[in-house]
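Chemist: Let me give you the structure first, and then I'll get to my questions.
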């Protein structure tokens, strides 16, 4: 086995596409504390600036979910995590997917979290909530496309299976820079 210097969440040179059948979903989410709330499209206009800032922090193509340009987008696609009324995390659930794997497979897109709120279980809470929405939409499952180191392993623990891997044609300079910035051992500064 080849050793890697990559850290959790570093950008990979490929996309890993996973299928999570709703019947196999087994996230054990954290308990949502009382000062956190799950919200949807009803708060979207109030949080647009924070949504754009957080999306652009992680994704070069942040405008796709920001403007609702994803395959299978619905008005109720956004799933947000709020802390005392402030956006701290989110994901987008669509009722179709970008891989044309049947119209009973949706897709989870563009997970993001305010850096100060990482590692407290918000991701699993958002996924569980999105899965419940997908069930109400009568979907068979969701596809998840990630290019982050070790994140596919998390999804597999939750019941997903790797469906395909897609090599990136030209990894963007900004994505590579994000990996370098996240790898704080390269710099002697505290970013957050």
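Matching residues to (1) in a loop (DSSP other than H, G, I, E, B); (2) within 16 Å of the chain's Cα centre (by Cα); (3) at pLDDT 95 or above:
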{"residue": "107", "(1), (2), (3)": "no, yes, yes"}
{"residue": "112", "(1), (2), (3)": "no, yes, yes"}
{"residue": "155", "(1), (2), (3)": "no, yes, no"}
{"residue": "166", "(1), (2), (3)": "no, no, no"}
{"residue": "170", "(1), (2), (3)": "yes, no, no"}
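Chemist: Just checking, which of 28, 119 is closer than 19 Å to residue 152 by Cβ, free of Cβ contacts under 8 Å to residues at least 24 places away in the same chain and not in a helix (DSSP H, G or I)?
Modeler: Matching residue, one of 28, 119: 119.
For (1) without any contact (Cβ under 8 Å) to a residue 60 or more places away in the chain; (2) under 19 Å from residue 10 (Cβ atoms); (3) buried (at least 21 other Cβ atoms within 10 Å of the Cβ), each residue gets a yes or a no:
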{"residue": "58", "(1), (2), (3)": "no, yes, no"}
{"residue": "95", "(1), (2), (3)": "yes, no, yes"}
{"residue": "114", "(1), (2), (3)": "no, yes, no"}
{"residue": "164", "(1), (2), (3)": "no, no, no"}
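Chemist: Residues being within 24 Å of residue 10 (Cα to Cα), touching a helix residue (DSSP H, G or I) at 6+ places or on another chain (Cβ under 6 Å) and not in a loop (DSSP other than H, G, I, E, B): count how many of those fall in the range 60-78.
Modeler: Number of matching residues: 1.
Chemist: When the residues of the range 31-52 are filtered to those that are touching a helix residue (DSSP H, G or I) at 6+ places or on another chain (Cβ under 7 Å) and not in a loop (DSSP other than H, G, I, E, B), which remaining residue is farthest from residue 121 (Cα to Cα)?
Modeler: Taking the candidates together, the pick is 52.
The values are calculated or read from the model by the stated rules, or taken from the named source; none is laboratory data. Worth saying up front: this structure is predicted, and the values here are computed from it rather than measured. Virtual Cβ from ideal backbone geometry, glycine too; neighbours counted across all protein chains shown.
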